[in-house]
Every structure is written in C-alpha cells, then in structure tokens.
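K.L.:
Got a structure for you, questions after.
The values are calculated or read from the model by the stated rules, or taken from the named source; none is laboratory data. No experiment lies behind these values; they were computed from the predicted model shown. Cβ placement follows ideal geometry from the backbone for every residue including glycine, while neighbour counts extend to all protein chains displayed. These area figures cover heavy atoms from the full protein model, side chains too; ligands, DNA and RNA do not enter into them. Shrake-Rupley method; radii C 1.70, N 1.55, O 1.52, S 1.80 Å.
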Amino acid sequence: METTLIGSLTVREYLYYSAVLQLPGFFSQKKSVVEEAIHAMSLGDFANKLIGGHCFMKGLPSGERRRVAIARELVMRPHILFIDEPLYHLDSVSALLMMVTLKKLTSTGCTLIFTLNQSSTEVFGLFDRICLLSNGNTLFFGETLACLQHFSNAGFPCPIMQSPSDHFLRAINTDFDRIIAMCKNWQDDNGDFSAVNMDTAVAICTLEATYKSSGDAAAVETMILRLTEKEGPLLKSKGKASNATRIAVLTWRSLLIMSREFKYYWLRLILYMLLTLCIGTIFSGLGHSLSSVVTRVAAIFVFVSFTSLLSIAGVPVLMKEIKIYASEESNQHSGALAFLFGQLLSSIPFLFLISISSSLVFYFLIGLRDEFSLLMYFVLNFFMCLLVNEGLMLAVVSLWKNIFQSVLTLVTIHVVLMLAAGYFRIRSKLPGPVWTHPLSYIAFHTYSIQYLGVNFAIGQVRSISGFQALHSAYDISPRSNAKWENVLVLFLMA
C-alpha cells in the first residue's frame, strides 16, 4: 500500500486528488469526504504535512503512512474493507493505535477484514471474530473468546503467563517444528525447553478435527447456507469521474509533483545548463568562414544528442509515476489515456523552460545568426526533440518496469539513433536495408541537424546562406518549408 503513496504531496492533497479521480459530483462534496477520511483515521495533525518529506523535511512515520493508505480507500465510503497486514513493520504502540483507529471505523457500519501473522495481547483483544488458517485448512472461525475454549477442548489450553495470540500461533505454525529439532538437545535454566515442546503437525490435525465436529463449524455452515439462499440487494454503482476530470486532475497533480520533486526536472535543468555551457564555450569563437560549417553542425549534434542522454536521469522518478498509475489503473481510478495526457500536458511547461534556457545560451555562444525567428525555430525544434525523448522514456520504462533494464535500453537506443542520424555519415550513403530505412527516419536527431540559420562568408566579396553550405554536405531538402516538416515529424513522433 505504501509504495503507491506520492511523497511530494501533503496528506490532504493526496486524499483530495484520490477522491476527485474516483468520485463523481462537485468538488465541494469531495472535500467533505476527504475531511471525514482524515478524521476517521486520526490524521488531523498530519493533514498538511508532506507524505515523503521534501528537501530537509522529514516524512511521515510508517504508522501514519499506513493510515494514509487506508484513508485513500475510505474516500469511497466502502461497506467492506479488505486490508492485508495493516500492522506490518509497526512497533507495538503504532500497531495498537492503528487497531484502535480501525476499531472506530466499525461503528460507522464498515466491516473490516484483514490478515495478520502475529499480534500483541492488546491488539488481539480488539478482534470481534477470528479465523485461524494453516496450510489452507480452517482450524477455527468464530467469536474471539470462544477460540480459547476451542483450544482447551482440543487439549491445548493456553498457559497462564502466555499471550493467547502467541499460543495460537505456536500451535498452528509448522515452522516451530524446525525450532524443536534445533533445540531438542538444548536445555534452558529450568531444565528443559518446554515452551516450544509441542508437535505442531499433531496440534493442527487435532484442532482441525475438533473444529469440524464442533457447534461453531455447524453454525458457520448453517449461516453460509442461509446467506446463499437469500437474494441480496442489487448494488448500484456510485458512478465515477469523467475522463476530462481525470485528465485535468492528473495534469495538475503531476505539475505539483514535478515542481516539488527536485530530481524530476530541476536537476535536469541544472545538468542541461552545465552541459550547454561546456559545449557552448568549447565551440565558441568559430567565426563565419565556410570551414566553420562542419564545426557548428558538430556542436548542434553534440548538443541535441548529449542533452537527450542526460534525460535518462529522470528514469527513477518516472518509475514512481508508472507504479502509481499501475495501482490506480488496477482500482479503475485512472486509465491509460488520462495518464498519458496528464503526463504530456504537465511536462510541457518544464520541457519548454529547459529548452528555452538551454537554447538561449547555446545559440549565441556558437555564433548562430542573430535573428528572432531563427532563434524561436531553434527553441521549438529542440523542445520537440525533448518531447519525443520524454515519450521514448515513458514507453521504455512502461515496458520494463525496472530501472537497470530501462536505462540500459535507453542508452542503447540513443547510441543506435545517433549513428543513423546522418551526421557521422550522410543519410544517402548509409546502407539501405536497416540504417537508412527505417533507422535514419526514426532518429529524432536527424531532424535537428538539417537546418542551420547562419551566413558563412566566402572570401571578402560574397556570402552564402547556411542552407546552401549544408545542402550538399548533409543531404538537406531544398524546399523552403522542409524545416517545418521536420518539426511536424517530431510532433507526430511525440
């Protein structure tokens, strides 16, 4: 449950977005549902705290995180709530607080069913009914207090100084037989190891036989027959949020996450600026002779290729988004279309910020033509490359769902596309079957190095445009609208 929590949101924000994704109706109604869930799980003191912490702020303790995960399900106001191991990894105080909180929920008419491997005496006393299972067989099902009598009838009474839950676990867990085998020649201070001296296999068989012949088993069978014969009420769907609402919510939620999560885009922005300064200063002062054409194309190719490679730093955070989506999609709180649109729309502002800040530095450092329309085209072209790369990352991470495999695959894809982009060897000279078709056409780097807006002087009499200088060297289309076709291709790729 905890792995799908969004650490960069506060408890109230997280529950509110969960409610909006799941419930139909007005936003004000959903706010009241969220406040009820916060009150029910005793999260009032933590409502405005970030779940996972931020920068130097500490996140919620494990007990509170578990309660947030349960509160997320309460916004649907369920009649029955299944919880797997609600006390897992909690200390005794947090476990007791969790159980008291869950006990309060039953007064609202919600039935709670959860699994436990072990519990303290205080927690055990809060159960209404228990079901003891061993290897898939029912050893007892009924009132909690009746379980003690059931064990006594089977010949396994609970010792006076022992917790009932520990005694039940000892009797039905076959792992204790291995402990007995290890300790059979070991004696404690009292002369024997009587605390575990019980044949678990015999105890399980005896308890199962005793339960099957008891009145509790007969009462359960009678209850099951009566319930199956009776036709239950028709459950009506409470409805769900529309796709438009989900897209809007996921977009805004992703914007919040991206703005607060330093590793998402802010770290990449810093890395991009450092890389841009490095490339720009290395390729600065080229002049405007014809010989500088190749050098400037090299600078553009390095800029586009290396910044795309640096984007792989966002894979771990993107992996979190995929896990959250998988959890929400399995519960029908979201869908692939809503998730993709949310990711696309929320990433655009950050990618545009990265593209315009990096392009402004790079463009003038390498001495491209000082003309606003050409600068804006450069920014737009680079932005589209980043958008295509973002989609490629999302596709690969969704496919593997593993950081190591995703990073390895992305690096391999980028290297292959760089080789086929038409820089190292002109596209018309590449081997046809694979490198020209289809690799050179699906390499987004190709559409970034085919246009260069700068004049190069030839001698002192005349000059030719950058397009004329590049046309023969890099196999660029002579049509005037070819550069806009490049942008269109990148857009369709994205």
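K.L.:
Treating only the Cβ atoms of Lys and Arg (+1) and Asp and Glu (-1) as charged, compute the dipole magnitude of the chain about its Cα centre; round to the nearest 20 debye.
P.N.:
For this selection, approximately 2240 debye.
K.L.:
Quick one: order Phe141, Phe82, Phe283, Phe168 from most to least accessible surface, probe 1.4 Å.
P.N.:
So, going from the largest accessible area down, we get Phe82, Phe141, Phe283, Phe168.
K.L.:
Still on this structure, please answer the following. Considering only protein heavy atoms, what is the solvent-accessible area of Lys323 at a probe of 1.4 Å, reported in Å² to the nearest 10?
P.N.:
120
K.L.:
Right, next: Could you tell me the calculated FRET efficiency between Phe352 and Glu231, based on Cβ-Cβ distance and R0 = 56 angstrom, to the nearest 0.05? Numbers along the way, then the final one.
P.N.:
Numbers: r = 59 Å, r/R0 = 1.05.
The computed FRET efficiency comes out at 0.45.
K.L.:
Next up: Just how large is the dipole of the stretch 243-493 about the Cα centre, in debye to the nearest 20, putting +1 at every Lys and Arg Cβ and -1 at every Asp and Glu Cβ? Please report the intermediate quantities before stating the final value.
P.N.:
Details: 16 positive and 9 negative charges, 40 e Å.
Once rounded to the nearest 20, the dipole reads 200 debye.
K.L.:
Using a 1.4 Å probe on the protein heavy atoms, what percent of the accessible area of the chain belongs to carbon and sulfur?
P.N.:
C and S fraction of accessible area: 63 percent.
K.L.:
I would also like to ask the following. Just grab the label-to-label distance for Leu345 and Ser291, each label 7 Å out from Cα along the Cβ direction, in nm (one decimal).
P.N.:
5.4
K.L.:
Could I ask something else about it? On a 19 Å Cα-Cα criterion, which of the cross-link pairs Lys30/Lys323; Lys30/Lys240; Lys323/Lys401; Lys58/Lys104 come out too long?
P.N.:
Violating the 19 Å Cα-Cα cut-off are Lys30/Lys323; Lys58/Lys104.
K.L.:
Which value at 222 nm does the chain reach when only helices count, each DSSP H run of 4 or more adding -39,500 (n - 2.57), with the total divided by all residues and rounded to the nearest 500 deg cm²/dmol? Before the final figure, lay out each step's value.
P.N.:
Details: 19 runs with 279 residues, N = 494.
After summing the helix terms and dividing by residue count, I get -18500 deg cm²/dmol.
K.L.:
Rounded to the nearest whole Å², what accessible area per residue is found for the chain with the 1.4 Å probe?
P.N.:
Result: 53 Å² per residue.
K.L.:
Put +1 on the Cβ of each Lys and Arg and -1 on the Cβ of each Asp and Glu in the chain; which of Leu112, Ser92, Met258 then has its Cα farthest toward the positive end of the dipole?
P.N.:
Selected residue: Met258.
K.L.:
Sticking with this one: Could you report the accessible area of Leu133 in Å², rounded to 10, computed with a 1.4 Å probe on the protein chains as they sit in the structure?
P.N.:
Approximately 100 Å² for this residue.
K.L.:
Once label points are set 7 Å from the Cα along Cα→Cβ at both Lys58 and Leu274, what is their separation, rounded to one decimal in nm?
P.N.:
Rounded to a tenth, the inter-label distance reads 3.1 nm.
K.L.:
With a 1.4 Å probe and all protein chains kept in place, how much accessible area does Trp266 have, in Å² rounded to the nearest 10?
P.N.:
Rounded to the nearest 10, the figure is 80 Å².
K.L.:
Another one. Go ahead and run the numbers for FRET between Ile80 and Ala298, Cβ-Cβ distance against an R0 of 60 Å, rounding to 0.05. Walk me through the numbers before you get to the answer.
P.N.:
Working: r = 65 Å, r/R0 = 1.09.
Calculated transfer efficiency: 0.40.
K.L.:
With Rg and Dmax of the Cα atoms in Å in mind, check (i) 32.6, 111; (ii) 23.1, 95; (iii) 26.8, 90 and report the label derived from this structure.
P.N.:
(i)
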